[in-house]
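Quick notes on the structure that follows.
Here, each number is a calculation from the coordinates, and none is a lab measurement. This one's a predicted model, so the numbers in the text were calculated from it and none came from an experiment. We place every Cβ from the backbone using ideal geometry, glycine too, and count neighbours over all the protein chains shown.
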Amino acid sequence: MDNMHLVLQSLISGISIGCVYGLIGIGFCVIYNASGIVNFAQGAFVMLGGMVTYVLIERFQMPYVVAALGAIVVTGFVGACVERLVVRPLWNRSAPMFVMILATLAAQIVIERLTYILVDDQPKTLPAFSDLPPIMLGGVAINFQSLWIMAGSVLIVVALGLFFKTTRTGKAMRAVSINAEAAALQGIPVSLMLTLAFVLSAMLGALAGILLTPTQYTAFNMGVPFAISGFIAAIIGGFGRPLGAFLGGIALGLIQAMAILGLGAGFKNVAALSLLLLFLFVRPSGLLGSTR
Amino acid sequence: MFHMRNQFFAGMVSVLAMAGAAQAEDIYKIGISAGLTGYAATVDRAWSDGVQTAVDVLNAKGGIMGRKLEVVVEDNRSNPQEAVTVYRKMVSSDGVNIFSSGCVSAGNAAAAPMVAKSEIPMILCSILPKQERDVVWAFTTLPPAGFEIEKRFEYLRDKTQIRKVGVLHDPTPYALLQKDVAEKVAEKFGIEVVAVEAYKQDDADLSVQLSKMQAAGAGAVMKIGLGGTTLTAAKNLKQLGSDMLLLTSLEDLAVFKPVAEVLGDKFFFVASPSQVFEAYPDGPLKQAIGQFLQPWREKFGDRDPNWASRGWDSIMLTAAAIEKGQSFEGPAVRENLEKITGFQGTTGTYDFAPDKHQGISTNPFVVAQIIDGQVRIAQ
């Protein structure tokens, strides 16, 4: 494998993991747009996606597709619970924003610990969607799970775009994100939209987890690093811009892969955080411009 | 009358307090700082359970010299800073008499000066602290770092045509130590280390590191480090369509089973004698493992016995040191641990000395595989 092949191979790895960061980043944006809250429980939703699918397959002998759909529903329900039990009481009392953000961080820890108690602490994995050898293109391996991740992510981004632009619920959510008070005066149930934002965000996280787990492992405590990467992706893309977050995720994945390739794994996070600082200094509104 | 009754109650209180103090004095407390959660959870939980099994067995026989044992275990969350906190708590609040701590080496090293100052001996699962003054109070059940590396090189040299390897390691002190050994001794086995790559325990993707090793011509990956990343490495190797073998360090078998499902006969790992007990040749070592495995299996079935067996050893070494010196005092136990030689443990024979606090000196490991769900010594 010459240097060019190595670079191409690393680019594929970077784009693949970047798509996952992007999906997590979109989850951040959806909730932020509806409420202004940065939901740090987003990593727990990613973990739940893979973990619940695993449990449904192994303990309940469900087919893979049914288990994955079940995991998305369960995680969506957990998202609703986080909103109703953690965020809503604080929201109703007009708690400061940082209190609500801290509360989501606490929710992340609670979800992790409950998973630890209910399942265990052993690493789990899921089979690849297509158990086929990778496609070899001139010495560069393109594995099918990466293709699933990339194609799945693009489809989700397109579907999400259509949802926000063409459906009544999507338009209502956008209206709330632009001006919650005006939306309420127009008869849009703002609190319901907030719940829906958490459900949607949790489902996106679960999808990212389901796509990702066949390439690595899931465990009760694997969510936080993903939440951090998704958060960085959302900032790079312009906080509140779903498409920006997706592009930001890919940029982050690529820069991490190139840092490992060129400088060594020790520089992976240095590169990621340098990119974040660069955007904060030079273009704080992100790639596509922040919504606020 | 009132005065007499007061005197009676005061007397009763004193008697009860003295009885309580005597009872507390009678209990010999063993503190464990363990990563019950986090990357070291699998091994440290096994270590703690091994310690508890040994304590239960000794207590059933009346304890050590008639004194019962009690385990105090604190979760350091596989985090060195957290480890210092839990050590401090166990020294100041729980009043532990000896530490039998888990495999979070950086945590044990960070707490070692404080523990040494308190004159409490430590018998560890991890490597010894680096500072000479801290080693005075610390002993380890861990075989030297080179053993795991040498066994893998030996296997590659004797059983394969592979002469170039990549080393993939995490940033823990033990992994770094092993990495240094690998670079140093490879030549002795006619093997060249063509790439050394690091990773973090929470990395989601190792394919760039693995691609670099493949590009450098490595025929095998020597992975050094614990946790689920072994599974990530296996998955990434398969996704890359790589023919490289994966040889990993000692780890809980529960982690290895899904790895073997992914890589099949391309996956090898260093195993301790207790992990391949049935296939291990008869002798004093097998006998010692058998003594541990009986209560272990009664309680935990076919759960991986490796780390637990070393936890068991730590308690048996403690008992031997106390009985040797006929004293429970920290300095005496420490001194008598140094005098233990020829002690048959479950991982090998322990020979301690004042300048040798790492007791195992002969390599007990084998290279193993999981074929059809069964652990076998690799042929």
Next on the checklist: Quick check: from the Cα gyration tensor, does segment A:70-116 come out rounded (a/c under 1.5), prolate or oblate?
Outcome noted: oblate
Checklist entry - Would you list B:Trp47, B:Trp137 from fewest to most Cβ contacts within 10 Å? => result B:Trp137, B:Trp47
Checklist entry - Which whole-number percentage describes the relative contact order of segment B:240-379, with Cα contacts under 8 Å and a sequence gap of 6 or more? => result 28
Checklist entry - Looking only at Cα atoms, what is the convex hull volume of segment B:326-370 per residue, in Å³? => result 101
Checklist outcome for this item: Amide H contacts under 5 Å for B:Lys223, restricted to residues at least 5 apart in sequence or on another chain and with H modeled in the peptide plane, are B:Leu168, B:Leu247, B:Thr248, B:Ser249
Checklist outcome for this item: Rounded to two decimals, the Debye log10 I(q)/I(0) of segment A:1-160 (Cα scatterers, no solvent) at q = 0.15, 0.16 Å⁻¹ is -0.95, -1.03
Checklist entry - With no solvent and one point on each alpha carbon, what is the Debye value of log10 I(q)/I(0) for segment B:265-308 at q = 0.20 Å⁻¹? => result -0.65
Checklist entry - Helix A:42-58 sits at what angle to the longest principal axis of chain A, using alpha carbons and giving 0 to 90 degrees rounded to 10? => result 70
Item to check | Nearest 10 degrees, 0 to 90: helix A:3-35 Cα axis against chain A principal axis | outcome: 10
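Classify segment B:139-215 from the C-alpha gyration tensor, please: rounded if a/c falls under 1.5, else prolate or oblate depending on whether a/b exceeds b/c. Intermediate results must be reported in sequence, preceding the final value.
Working: a/c = 2.17, a/b = 1.05, b/c = 2.07.
Taking the square roots of the gyration eigenvalues as a ≥ b ≥ c, segment B:139-215 is oblate.
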Item to check | Distance violations [Cα-Cα > 31 Å] among B:Lys68/B:Lys151; B:Lys179/B:Lys238; B:Lys130/B:Lys184; B:Lys223/B:Lys324; B:Lys29/B:Lys184; B:Lys151/B:Lys257 | outcome: B:Lys68/B:Lys151; B:Lys223/B:Lys324; B:Lys29/B:Lys184
Next on the checklist: Antiparallel versus total DSSP beta bridges in the protein assembly as shown: what percent is that, nearest 5?
Outcome noted: 30
Next on the checklist: Taking every pair of distinct Cα atoms and averaging 1/r, then inverting, what Kirkwood hydrodynamic radius in Å comes out for segment B:78-212?
Outcome noted: 16.7
Checklist entry - Pairing the Cα long axis of helix A:190-212 with the longest principal axis of chain A, what angle in degrees results, from 0 to 90 and rounded to the nearest 10? => result 10
Checklist entry - When all C-alpha to C-alpha distances in chain A are sorted into bins of 5 Å, what percent of pairs does each bin hold, rounded to whole numbers? => result 1, 6, 12, 17, 18, 17, 13, 9, 5, 2, 1, 0, 0
Checklist entry - Taking other Cβ within 10 Å of each residue's Cβ, how do A:His5, B:His357 sort, fewest first? => result A:His5, B:His357
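Rounded to the nearest 20 Debye, what is the dipole magnitude of the protein assembly as shown about its Cα centre when Lys and Arg each give +1 and Asp and Glu each give -1 at the C-beta?
Roughly 1800 debye, rounded to the nearest 20.
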Checklist entry - Roughly how many whole Å is it from the C-alpha centroid of segment A:58-91 to that of segment B:337-353? => result 53
Item to check | Calculated FRET efficiency for the pair B:Arg303/B:Ala60, C-beta based, R₀ 25 Å, to 0.05 | outcome: 0.75
Checklist entry - How long are the three semi-axes of the equivalent ellipsoid for segment A:211-292, computed from the Cα gyration tensor as the root of 5 times each eigenvalue, in whole Å, largest first? => result 22, 17, 10
Checklist outcome for this item: Using alpha-carbon positions, the gyration tensor of segment A:1-64 gives root eigenvalues a ≥ b ≥ c; with a/c under 1.5 called rounded, otherwise prolate if a/b exceeds b/c, else oblate, the class is oblate
Checklist outcome for this item: Taking Cα pairs closer than 8 Å and at least 6 residues apart, the relative contact order of segment A:182-292 in percent is 23
Next on the checklist: Only counting other Cβ atoms within 10 Å, I'd like B:Asp355, B:Asp56 sorted with the fewest neighbours first.
Outcome noted: B:Asp355, B:Asp56
Checklist outcome for this item: Normalised per residue, the volume inside the convex hull of the alpha-carbon atoms of chain B in Å³ amounts to 148
Checklist entry - What residues qualify as long-range amide H neighbours of A:Gly238, i.e. H under 5 Å apart, gap of 5 or more or another chain, H built at 1.01 Å from N? => result A:Leu287, A:Leu288
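Using the Cα atoms of the protein assembly as shown to build a convex hull, what is its mean projected area in square nanometres? Intermediate results must be reported in sequence, preceding the final value.
Numbers: hull surface 146.8 nm².
Convex hull of Cα atoms, orientation-averaged projection: 36.7 nm².
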Checklist entry - Can you give me the relative contact order of chain B as a percent, contacts being Cα pairs under 8 Å and 6 or more apart? => result 17
Item to check | Set of aspartates and glutamates near B:Lys212 by C-alpha distance (under 18 Å), chain-local residues within fewer than 8 positions excluded | outcome: A:Asp2, B:Asp170, B:Glu183, B:Glu192, B:Glu197, B:Asp203, B:Asp243
Checklist entry - Taking chain B as a Gaussian network, where each spring joins two C-alpha atoms under 10 Å apart, which residue of B:Gln287, B:Gln52, B:Gln131 fluctuates the most? => result B:Gln131
Checklist entry - What is the pair-distance distribution P(r) of segment B:157-289, computed from all Cα-Cα distances in 5 Å bins starting at 0, with each bin given as a whole percent? => result 2, 10, 20, 22, 20, 14, 7, 3, 1, 0
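Which whole-number value in Å³ per residue fits the convex hull of the alpha carbons of segment B:301-379?
In segment B:301-379, the Cα convex hull volume per residue is 102 Å³.
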Next on the checklist: Given points 7 Å out from each Cα along the Cα-Cβ axis, report the A:Leu273 to A:Ser285 separation in nanometres with one decimal.
Outcome noted: 2.9
Checklist entry - For chain B, what is the calculated [θ] at 222 nm in deg cm²/dmol (nearest 500), taking -39500 (n - 2.57) for each run of four or more DSSP H residues and dividing by its residue count? => result -15000 deg cm²/dmol
Checklist entry - Among the DSSP beta bridges whose two residues both lie in chain B, what percent are antiparallel, rounded to the nearest 5? => result 25
Checklist entry - Looking only at B:Gly359, B:Gly342, B:Gly241, which one moves most when chain B is put into a Gaussian network model with springs between Cα atoms under 10 Å? => result B:Gly241
Item to check | Between segment B:261-279 and segment A:181-198, the alpha-carbon center distance in angstrom | outcome: 57
Item to check | Rg and Dmax of segment A:92-146, Cα atoms only, in Å | outcome: 20.7, 61
Checklist entry - With Cβ to Cβ distances under 11 Å as the rule, what net charge do the other residues near B:Ala308 carry (K, R +1; D, E -1)? => result 0
Item to check | Gained length - B:Gln131 relative to B:Ala279, 0.36 nm times residue gap less alpha-carbon distance | outcome: 49.3 nm
